[in-house]
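This report concerns only the one structure given below.
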Amino acid sequence: ARSAELTWSGLTPGKEYTLQTQCLEVAENTRTIRSLDWQRDRFDIEFALTNGTTYNAYTIKGATHTALIDASHKKFEALFMDALESPEGGAVDLGTLDYIVVSHTEPDHSGLIEDLLVKARERGNEKLTVVGTKICINFLKDLIHMDFKAQVVKGGDQIDLGGGHVLDFVVAPNLHWPDTMFTYDNKTQLLYTCDAFGMHYCSDNVTDAEGVQALEPHYKLYYNCLMRPNARSVLSALKKVGESCGDVSAIATGHGPVLVESKDEWMGKYKSWSEDATTKLGPSVCVFWVSRHGDSERFAQSFAYGLTNQDVLVEMHDLNAVDAFEVVEACQRNKVIVIFAPPMGENAAQTNVGSILASCNPKDHKLVICASGGADDEPVDSLVSRCVQQTGIPEGLPAIRCGGGSEEKTLAMFEASGLQLAKDLQSKKKQAAKDKLDQKTTEALGKMGSGRYIVTGRRGDVSSAAVATWVMPAGSEPPAVAVAIAKDHALQSLAQVGDSFVVNMLEEGNYLDLMKHFQRDLRPSDDVFEGVDVAEVAAGEAAGISVVGCSAFLLCRVFSRMDAGDHVLVVGEALTGAVVREAPTAA
C-alpha cells in the first residue's frame, strides 16, 4: 500500500518532488518500507534519471527479537516513521525494537538513524543496538550527536532473532563506501545488499517484474557509475557470499526493486562486468578520496567514471578509512595515483597522504592532484608543492581545481578529466593496434562511405560537440538515426538513453572552418561552442543545439546504446529537423 503524498523542494530550485512510502511483505516475517522518490532526476553523479529512485529499508520480526535493516533519507522522516509503526510496515514498536542494522553510513540510508535512536530512548528503550562494521560504527559516532549502544560485526558473526531468523554478515568494503556490509537471513534466504545490485528505478512493482530488457539500462548505468571503479571489491564480495551464505532466494537492494524474478541473471551480470573491468588492459589508476568532506566522493566518482568508460582499471580508497598496509599495496598495483585534497590539520586522511608519498617514486608513478570542494581543503597548490615538486614524481594531468560553474558543470569537468587521463594512458596501445593493420586493409577501410557531421549534446548546463563521420539512418518506425561516438569524448556521457542529441550536417565545399573548430584540443573546462553561432531546437520536452552554418539538422532522442570497441553506437529517434540550405553533405 502506498502512503499519502508529500512534496519536497530541496534539490533543483523551483522544482517540487513527490514523496511517498510503500510497504509490502517480501518474505516470512519480513516487510519492506520503500521510500518512493518519484521525480528524482539526479543522484550522485547520475543525471537525467528517467524513473526516479527508491530508498529501501526492511523489517524482520523474529520469534524473540526484531531488526530494522537500514532506514531512509532525512526528507522522508515523517512518512518513514509512520510507515515503520504501521501494520503494513511491520508494526515495529520503537519502544521494543532490538536492532538497527546499518549496511553503510551514506546519508540516503542512514539519515534517520539518529531520529530513530532519539524516539526509541524517549520511549524508554535502552537496549536498542546499532549493528555495523567497525568503520561504520566509527563513522556513526562522528555523525550522531548522542551516545548509543553499538555492536561491531565482522564476517562470520551472527545475530539470532529467533524462529530461524539467524543473520550472517558479509563485510563488503568499497561497495561503494568503505564501511559497507551485506546481511543474510538464513530463514528467508534474503540477501540484503544496500547499494550493491541496486538501480535508480521507482515503480509500483516491489520486485523486478518489468524484466531484464526494461531494467538493464538503469541497472548498468548504476553499476558503471558506482560499482565498476570498485570491480575488484565486487568480485571479492561475490566470492564471500558464495563461501559464507546459503542459497539466495532474492536480493533485497537499497535502491530499486527486490531482485527475485531474474536474480541469477542480475548476479551473473555483476560478475561478468566486474571480471571484464578487472582485465589488465594497461596502466591502472588508484583514486584516493575523502569521505564526508566537501564533494570529494562525487568528484572522485565522476573522475573514475571517465576512466572506466575507457576500460581503464580503477580502484578507489577512502583516505579516512584505508590503512597504511592497503596504501602500500595499492601504490604497488597502480601506476597513476589520484589524490583528492584532504582537510587541513592532523587527521587520518593527511596521515595516509604521507603514506602514499612514501610508497611512490618518480620512476614508477604519476600523480594527479584534485580539489575536494571542502571549506577546509588543503589548497591544491600546497598539495602540488609537497606531492609533486618536492618529490619529483611527475603529474599525470595538471592539477584539477573546482571551477566557478554549476554543480553539473563541475562534475562534467571531473569526468572529462578522467576521460583525458584514460586517453593519454591508452594512446600507445591504440597506436599499436593501428600499426597492426596491413596497408591493404587500411586502404579498404578508407573506401567505405562516410559523411561529415557535427553532433551536439546538452544536459542542463553541460554541453559538448564532436565531429562524426559514421552517421546513418537506422530505422523507419520510428524514424531513427545511428551515430558512433568515441568513448574518450565527453559527448558520449550526454548520449545516455533518454538524452537528446542533434546531428548537424556539414555542407560540401563549406565545412573546413567549422570542422577545424570542433576538432581542436580543449581542456575539460573549455566551452566547445565559444566562437561559433548556435541556435536552440526543440520538440516537446526534448531540446538541443544546432550549429549555424550547417546545411541541415536532426534533433533525436536516444533509445538505445551498444558497445562498439573504442566507440559507442547511439541510436536515437528523429523528433524534428530541417533543411537549411539545399546542398550536398560533405563527404
Item checked: Degrees between helix 134-143 axis and first principal axis of the chain (Cα, 0 to 90, nearest 10) -> 90
Check: How far is the Cα center of segment 538-587 from the Cα center of segment 168-202, in Å?
Finding: 41
Checklist line | Selection from Val92, Thr54, Leu117, by position along the positive dipole direction of segment 8-152 (Cβ) | finding: Leu117
Check: Among rounded, prolate and oblate, which fits segment 340-401 when a ≥ b ≥ c are the square roots of the eigenvalues of its C-alpha gyration tensor, a/c under 1.5 means rounded, and a/b larger than b/c means prolate?
Finding: oblate
Check: With axes computed from alpha carbons, what is the tilt in degrees of helix 263-277 against the longest principal axis of the chain, rounded to the nearest 10 within 0 to 90?
Finding: 50
Checklist line | Dimensions in Å of segment 437-518 - Rg and Dmax from alpha carbons | finding: 14.6, 46
Notebook entry, point to check: Taking only DSSP H segments of four or more residues, each worth -39500 (n - 2.57), what value at 222 nm results for the chain once the sum is divided by all its residues, to the nearest 500 deg cm²/dmol?
Noted result: -8000 deg cm²/dmol
Note to self: Quick check on the chain: of the DSSP beta bridges with both residues there, what percent are antiparallel, nearest 5%?
What the structure shows: 75
Notebook entry, point to check: Per residue, how many Å² of accessible area does the chain show with a 1.4 Å probe?
Noted result: 42
Item checked: Cα-Cα pairs of segment 317-365 separated by more than 12 Å (percent) -> 59
Checklist line | List Thr96, Thr129, ordered by accessible area with a 1.4 Å probe, largest first | finding: Thr96, Thr129
Note to self: At 1.4 Å probe size, with the rest of the protein present, what percent of the exposed accessible area of segment 168-287 is carbon and sulfur atoms?
What the structure shows: 47
Next item on the list: Just check segment 198-285 against the gyration tensor rule for me: Cα atoms, a ≥ b ≥ c as the square roots of the eigenvalues, rounded for a/c under 1.5, and otherwise prolate or oblate depending on whether a/b exceeds b/c.
Entry: oblate
Notebook entry, point to check: Roughly how tilted is helix 113-122, in degrees to the nearest 10 and between 0 and 90, from the longest Cα axis of the chain?
Noted result: 20
Notebook entry, point to check: In debye, nearest 20: dipole of the chain around its Cα centre with unit charges on the Cβ of K, R (+) and D, E (-)?
Noted result: 1420
Next item on the list: Rank these residues by their accessible area, most exposed first, probe 1.4 Å: Thr50, Thr183, Thr18.
Entry: Thr50, Thr18, Thr183
Next item on the list: Equivalent ellipsoid semi-axes for the chain, as square roots of 5 times the alpha carbon gyration tensor eigenvalues: give them largest first, rounded to whole Å.
Entry: 43, 29, 22
Note to self: I want to check a number: in segment 66-172, how many lysine pairs have alpha carbons closer than 17 Å, given a sequence separation of 8 or more or different chains?
What the structure shows: 8
Checklist line | Hydrodynamic radius by Kirkwood, which averages 1/r over all alpha carbon pairs of segment 441-587, in angstrom | finding: 15.4
Check: Restricting attention to segment 267-363, which trypsin sites (Lys or Arg not before Pro) occupy a DSSP loop and are surrounded by at most 14 other Cβ atoms within 10 Å?
Finding: Lys280, Lys363
Next item on the list: Starting from segment 496-585, pick out the trypsin sites (Lys or Arg not before Pro) whose DSSP state is loop and whose Cβ has at most 16 other Cβ atoms within 10 Å.
Entry: Arg520, Arg581
Notebook entry, point to check: Sorting Asp566, Asp208, Asp295 by accessible area (1.4 Å probe), largest first, what list results?
Noted result: Asp566, Asp295, Asp208
Checklist line | Stokes-Einstein diffusion coefficient of segment 202-242, Kirkwood radius over Cα pairs, 10 °C, 1.306 mPa s, in µm²/s | finding: 134
Item checked: Shape call, segment 1-92: gyration tensor on alpha carbons, a/c limit 1.5 -> prolate
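The values are calculated or read from the model by the stated rules, or taken from the named source; none is laboratory data. Note that the structure is predicted; figures quoted are calculated from it, not measured. Positions of Cβ are generated from backbone atoms using ideal geometry, with glycine treated the same way; all protein chains shown enter the neighbour counts. Note: areas computed on protein heavy atoms with side chains; ligands, DNA, RNA excluded. Shrake-Rupley method; radii C 1.70, N 1.55, O 1.52, S 1.80 Å.
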